[in-house]
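Trainee: Dropping the structure in here first, questions after.
The values are calculated or read from the model by the stated rules, or taken from the named source; none is laboratory data. Not measured: the values here are computed from a predicted model. All Cβ positions, even for glycine, are placed from backbone atoms using ideal geometry, and neighbour counts span all protein chains on display.
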Amino acid sequence: MPQLPVFSFLPKTLPATDINLSEHASIQLEQTAINPLERLSKQPQRLLDIQDWVAGDRVTFSWSETYERETAASIEARSAAERATPVGQEANVPEPVYETISLAGSLKTQALDDGQRILLPSEWPATDHDLTSEPNTLIWLSRAQYDELSSTRHTHLSIGVLDAGLQTVASAAGAIQELIAKISGSDGADSVAEQDVTEIVADAEWGTYTLMYQGEKVKVQTLEAENKFASYVILANPENPLILEVELKSWAYGTEALGLISEDLQVAGYSVSSIAIP
């Protein structure tokens, strides 16, 4: 009997240090809803095109995104139809009407050496935005942060618009914890309020992450770090410490629930799905 060919659907392991960026490299990512109840909801994919890249120094890229969204009039018409239907009768709800939304912009930074703040894609303005005067590394760790995190397992990472809200949530939670501690007679140790909201701690072991690279599914080595507010998966490459995934936790969701950030801004995490190098 002839031997059947063996097919492997497992991603091959690629050294993370092989994934280095250059001009016209592309990165594709998708945003993920911050609301834990919507964790399975995926947002449209966003494509980044690198115009300028100097490892540990600077990056400039353009980005674009196109997706379909139900119109406000359609949402209202469907809601009105449901409200106008008596109990026990089936609502005659119209079909949803969609519109095409196209977003685009560009971002520039020169803080990849020692910056300490990232800018989540959900915060990117749909314009040309120059951050060269700010310590913002966009979706990368700075070289200083990567070196500190990989050697000591600790570093500080600010997530921009969320920082003030996170500190407020932490303080409120800490006050509640202290009250509970007094009632129960405990010492109230490990209060959320006592945690620096920018400090992240890496796992003791290396992690792995699967993505498409040059059209092929690969598995790469990563640093995995977190605090009470978010978790981060970082490509284990000091020349390209790309943050492959940011997952915001329920504490971060509290900044939206308590109205601590703008109602016009739906903050979300993201994950990188593919990278291509010309």
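Trainee: Exactly one condition in (1) at pLDDT 95 or above; (2) more than 21 Å from the chain's Cα centre (by Cα) is not met by residue 105; state its number.
Mentor: Checking residue 105 against (1) at pLDDT 95 or above; (2) more than 21 Å from the chain's Cα centre (by Cα), the one that fails is (2).
Trainee: What residue, among those in the range 43-88 that are out of contact with any Asp or Glu (no Cβ under 9 Å at 6 or more places or on another chain) and in a strand (DSSP E or B), is farthest from residue 22 (Cα to Cα)?
Mentor: Checking each candidate, the answer is 67.
Trainee: Considering only the range 228-259, state which residues are hydroxyl-bearing (Ser, Thr, Tyr) and at pLDDT below 85.
Mentor: Passing the criteria: 250, 253, 255.
Trainee: Is it fair to say residue 118 is touching a helix residue (DSSP H, G or I) at 6+ places or on another chain (Cβ under 8 Å), closer than 19 Å to residue 225 by Cα, surrounded by 14 or more Cβ atoms within 10 Å (Cβ to Cβ) and of a type in the set (A, V, I, L, M, F, W, C)?
Mentor: Details: touching a helix residue (DSSP H, G or I) at 6+ places or on another chain (Cβ under 8 Å): no; closer than 19 Å to residue 225 by Cα: yes; surrounded by 14 or more Cβ atoms within 10 Å (Cβ to Cβ): yes; of a type in the set (A, V, I, L, M, F, W, C): yes.
So residue 118 fails the test.
Trainee: Sort through 93, 87, 59, 54 and tell me the only one that's within 22 Å of residue 278 (Cα to Cα), surrounded by fewer than 15 Cβ atoms within 10 Å (Cβ to Cβ), modelled with pLDDT of 90 or more and not charged (D, E, K, R).
Mentor: So the residue among 93, 87, 59, 54 that is within 22 Å of residue 278 (Cα to Cα), surrounded by fewer than 15 Cβ atoms within 10 Å (Cβ to Cβ), modelled with pLDDT of 90 or more and not charged (D, E, K, R) is 54.
Trainee: Could you go through the range 210-227 and let me know if any residue there is surrounded by fewer than 19 Cβ atoms within 10 Å (Cβ to Cβ), of a type in the set (A, V, I, L, M, F, W, C) and modelled with pLDDT of 95 or more.
Mentor: Looking through the range 210-227, at least one residue is surrounded by fewer than 19 Cβ atoms within 10 Å (Cβ to Cβ), of a type in the set (A, V, I, L, M, F, W, C) and modelled with pLDDT of 95 or more.
Trainee: Report every pair of residues separated by at least 6 positions or lying on different chains whose Cβ atoms are under 8 Å apart, first residue within the range 43-60 and touching a residue at least 24 places away in the same chain (Cβ under 8 Å), second of a type in the set (Asp, Glu) and crowded, with 19+ Cβ neighbours inside 10 Å.
Mentor: 45/65; 46/65
Trainee: Return the pairs, sorted by first residue and then second, in which the second residue is part of a helix (DSSP H, G or I) and modelled with pLDDT of 95 or more, the first residue lies in the range 138-153 and is more than 14 Å from residue 58 (Cβ to Cβ), the beta carbons are less than 9 Å apart, and the residues are 6+ apart or on different chains.
Mentor: Qualifying pairs under 9 Å: 141/149.
Listed here are the residues, each with its yes/no results for (1) at pLDDT 50 or above; (2) more than 30 Å from residue 50 (Cβ to Cβ); (3) of a type in the set (S, T, N, Q).
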site: 155; (1), (2), (3): yes, no, yes
site: 167; (1), (2), (3): no, yes, yes
site: 197; (1), (2), (3): yes, yes, no
site: 204; (1), (2), (3): yes, yes, no
